[in-house]
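Student: To start, I am sharing the structure in question, which I have written as structure tokens.
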Amino acid sequence: MQSSFIIIAILVVVAIAVFSIYNGIIKEHNAVQRGWADVLTQERQRGRIMPELDRVLQQHQDYEKELLPKITALRQGINALQDNNIDTRLQSKVDQASQALIKGIHVAVEAYPELRASESFAKFMYEVTEQEDNVGAAVRIFNQNVANFNAYIQSFPNNLVNRFFNKKQAIEIFTDSKAQAEFEYKPKF
């Protein structure tokens, strides 16, 4: 009777251990899936910012296409003014061109408040940098979850439970082939 009680106790302990390992594998696998979903979420967010940045930059570019010839003409007029040659007509033309240019700038900035390059561009660059950091952080968390999951299913006795019940395969960590190409060092695992 006592030996059957010991056998039953051992079987109960083994069953509890198997259930615990099985659930641990599921938990680690879910963490990997959640980590990957976070990476995709951050990528989508970055994808939403880029078209808006592109649109604002295009507006700046269109505005500068109109503005640059006017500035160049004004510069040429100013350079034509000479210390030893007083030319009031040329000076008057330069003043008129300068006033027209400044009025045009004020009108454009009022009509397109988002063309305040230093503010809007800086804001978008901050957003882009923040999104890059968020994607990088999400990838690091994903890779850590993958490493934990792989170690969990490959260690003994977890590998036996996984082989018979879960049948989960090891997952590859995220790698950046472009970044790897820039390194001469290649670890041999």
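The values are calculated or read from the model by the stated rules, or taken from the named source; none is laboratory data. As the structure is a prediction and not an experimental result, all values here were calculated from the model. Here Cβ is always computed from backbone atoms with ideal geometry, including for glycine, and neighbour counts include all displayed protein chains.
Student: If I go through the stretch 150-179 residue by residue, how many of them are surrounded by 10 or more Cβ atoms within 10 Å (Cβ to Cβ), assigned to a helix (DSSP H, G or I) and out of contact with any Lys or Arg (no Cβ under 8 Å at 6 or more places or on another chain)?
Tutor: Here the count works out to 12.
Student: Okay, next question. Has the stretch 124-141 got any residue that is within 30 Å of residue 14 (Cα to Cα) and not β-branched (Val, Ile, Thr)? Lay out the reasoning, then the answer.
Tutor: Here is the first cut: in the stretch 124-141, the residues within 30 Å of residue 14 (Cα to Cα) are none.
Checking the stretch 124-141: not a single residue is within 30 Å of residue 14 (Cα to Cα) and not β-branched (Val, Ile, Thr).
Student: From the list 33, 45, exactly one residue is at pLDDT 85 or above, closer than 30 Å to residue 131 by Cβ and in a helix (DSSP H, G or I). Which is it?
Tutor: On the way: 45 fails: at pLDDT 85 or above.
Checking each option against the conditions leaves just 33.
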